[in-house]
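Right, one structure below, let's go through it.
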Amino acid sequence: MTKIAVVYYSGYGHTKVVAETFAQAIDATLIEIDQNGEITEQDWQTLSDAQGIVFGTPTYMAAAPWQFKKFADASSKIWFTRGWQDKVFAGFTNSASLNGDKQVTLIQLQTLASQHGGIWVSLGLLPANTKAAKREDVNNLGGSVGLLVQSPSDASTDEIPSGDLETAKHYAQRVKNVVERLASA
């Protein structure tokens, strides 16, 4: 059985909805980083046991918020022992703006995975970038490194564009497929 864990921080609940959507699509385990930037010892064990780890975070001021950074810094104990070496990694980010420097956050997540010796999975979808494209289209924001999500600052958690959530489901399946292929190799 494929073991994938989605570890995420959500400040206002929008990123949590994306994490839940991603996890439900492939029956992954959810690990929420709390408001103090911490997870439990059992959560660390779940990450160690996982074949794939997905990072999720909002983008605040062109980067992941301090709570995610605290989690990332705490993972240095695992980095030192190469505990996540050769695991599959992926990531997503959410912000209120269409761009909002989300690519910078994805690169931050990709770099963290690379420091751990991980194998990063790109989004693998063409962008919806024609004049006929709508926000409901898959990959309307044109991500490639990972999943980009936009939640307007005045939108409730129920108002995340459906195209972004559908993109999350596609990306989740891609990550699962990569984990399964590597596990059977």
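Numbers below:
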{"read-out": "Qualifying positions in the stretch 53-63 - open to solvent by 10 Å² or more (accessible area, probe 1.4 Å) and either closer than 26 Å to Asp27 by Cβ or among the aromatic types (Phe, Trp, Tyr) (or both)", "value": "Tyr60"}
{"read-out": "Condition check for Ser97: surrounded by fewer than 23 Cβ atoms within 10 Å (Cβ to Cβ) and touching a residue at least 40 places away in the same chain (Cβ under 8 Å)", "value": "yes"}
{"read-out": "Count - residues of the stretch 119-134 that are out of contact with any Asp or Glu (no Cβ under 7 Å at 6 or more places or on another chain), open to solvent by less than 60 Å² (accessible area, probe 1.4 Å), touching a residue at least 12 places away in the same chain (Cβ under 8 Å) and of a type outside the set (Ser, Thr, Tyr)", "value": "6"}
{"read-out": "Residues of the stretch 139-150 that turn out to be in a loop (DSSP other than H, G, I, E, B) and either touching a Ser or Thr at 6+ places or on another chain (Cβ under 9 Å) or aliphatic (A, V, I, L, M) (or both), as a count", "value": "7"}
{"read-out": "Meets criteria (in a helix (DSSP H, G or I), surrounded by 14 or more Cβ atoms within 10 Å (Cβ to Cβ), of a type outside the set (A, V, I, L, M, F, W, C) and modelled with pLDDT of 95 or more) for Arg174", "value": "yes"}
{"read-out": "Test: residue in the stretch 80-92 that is modelled with pLDDT of 95 or more, within 21 Å of Ala19 (Cβ to Cβ) and touching a Leu at 6+ places or on another chain (Cβ under 6 Å)", "value": "yes"}
{"read-out": "One residue from Val104, Val121 being at pLDDT 95 or above and over 11 Å from the mean Cα position of the chain (by Cα)", "value": "Val104"}
{"read-out": "Of all residues making up the stretch 144-183, the number that are free of Cβ contacts under 8 Å to residues at least 24 places away in the same chain and closer than 22 Å to Trp120 by Cα", "value": "3"}
{"read-out": "Condition met for Ala168 (more than 16 Å from Thr15 (Cα to Cα) and either of a type in the set (Ser, Thr, Tyr) or outside any strand (DSSP E or B) (or both))", "value": "no"}
{"read-out": "Qualifying residue in the stretch 69-77 (condition: open to solvent by 20 Å² or more (accessible area, probe 1.4 Å) and in contact with a Ser or Thr (Cβ under 6 Å, 6 or more places away or on another chain))", "value": "no"}
{"read-out": "Complete set of residues in the stretch 9-38 that are under 18 Å from Ser95 (Cβ atoms) and among the aliphatic types (A, V, I, L, M)", "value": "Val17, Val18, Ala19, Ile33"}
{"read-out": "The stretch 7-22, residues that are in contact (Cβ under 8 Å) with a residue 12 or more places away in the chain and part of a helix (DSSP H, G or I)", "value": "His14, Thr15, Lys16, Val17, Val18, Ala19, Thr21, Phe22"}
{"read-out": "Residue list for the stretch 135-168, restricted to those being surrounded by fewer than 16 Cβ atoms within 10 Å (Cβ to Cβ) and among the charged types (D, E, K, R)", "value": "Arg135, Glu136, Asp154, Asp158, Glu159"}
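The values are calculated or read from the model by the stated rules, or taken from the named source; none is laboratory data. Note that the structure is predicted; figures quoted are calculated from it, not measured. Cβ atoms come from the backbone with ideal geometry, glycine included; neighbour counts cover every protein chain shown. Note: accessible area is taken over every heavy atom of the protein model, side chains too, but ligands, DNA and RNA are not part of it. Shrake-Rupley method; radii C 1.70, N 1.55, O 1.52, S 1.80 Å.
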